[in-house]
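Remarks on the structure that follows.
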Amino acid sequence: MNKVSICACVIWLISFALSFVIPAGSPYIWLPDFLLLAGFVPLLISYKPSWPWFVFGIGNVVIGFVLETAKHMPDNILPEYARPVQDNLNQMHVTMIWIRVGLLSIIYGLIRMLKNITIWLLKKFRKGQT
């Protein structure tokens, strides 16, 4: 295992532990989800391509909107046995954390993608002139 993987696992373990420690009504309930998502950052930084940031961001935004949809679903849509799952999603997951981290990842991924494409084009242009 390399340092990046160990760093990601430590962040995820802290996130997992906090998800059991922080109660549902706490103003810090966003922290476990944030650390869960932050655990991917060391892995994403270690990758040279920029598209994983973009895909990660899109996935987070989609999950954020699914969580927000679950908050506004009427109770009679889901079967009775699925209501505890909906209650858990509503009480334990802050949708804006997922959406904001997703948007930041998309923006960073696009900037990094544009930088990589620019560098590639400059190298290709310089190679063509010599």
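Can you report the number of residues in segment 78-112 which are more than 19 Å from residue 53 (Cα to Cα) and of a type in the set (Lys, Arg)?
Qualifying residue count for the region: 1.
Provide a single number: the residues in segment 17-38 that are in contact with a Leu (Cβ under 9 Å, 6 or more places away or on another chain) and surrounded by 17 or more Cβ atoms within 10 Å (Cβ to Cβ).
4
Can you pull out the helices (runs of 4 or more DSSP H) entirely within segment 5-98 that have at least 3 residues that are touching a residue at least 24 places away in the same chain (Cβ under 8 Å)?
Hits in segment 5-98: 30-38, 40-46, 51-72.
List the residue pairs whose Cβ atoms are under 6 Å apart, where the first residue sits in segment 113-125 and is in contact (Cβ under 8 Å) with a residue 12 or more places away in the chain and within 18 Å of residue 53 (Cα to Cα), the second is outside any helix (DSSP H, G or I) and open to solvent by less than 70 Å² (accessible area, probe 1.4 Å), and the two are 6 or more positions apart or on different chains.
Listed pairs, sorted by first residue: 113/50; 116/50.
Quick one: count up the residues across segment 79-95 that are surrounded by 14 or more Cβ atoms within 10 Å (Cβ to Cβ) and over 17 Å from residue 19 (Cβ atoms).
Qualifying residue count, segment 79-95: 1.
Quick one: residue 118 ticks every box in (1) among the polar types (S, T, N, Q); (2) within 22 Å of the chain's Cα centre (by Cα); (3) assigned to a helix (DSSP H, G or I); (4) exposed (fewer than 15 other Cβ atoms within 10 Å of the Cβ) except a single one, so which number is it?
Failing condition for residue 118: (2).
Out of 46, 105, I need the residue that is closer than 30 Å to residue 117 by Cα, among the small types (Gly, Ala, Ser) and open to solvent by 50 Å² or more (accessible area, probe 1.4 Å). Which one?
Checking each option against the conditions leaves just 46.
The values are calculated or read from the model by the stated rules, or taken from the named source; none is laboratory data. Source: prediction; values computed, not measured. Here the Cβ is made from the backbone with ideal geometry for all residues, glycine too, and neighbour counts use every protein chain on show. Heads up: the accessible areas ignore ligands, DNA and RNA and are worked out on the full protein's heavy atoms, side chains in. Shrake-Rupley method; radii C 1.70, N 1.55, O 1.52, S 1.80 Å.
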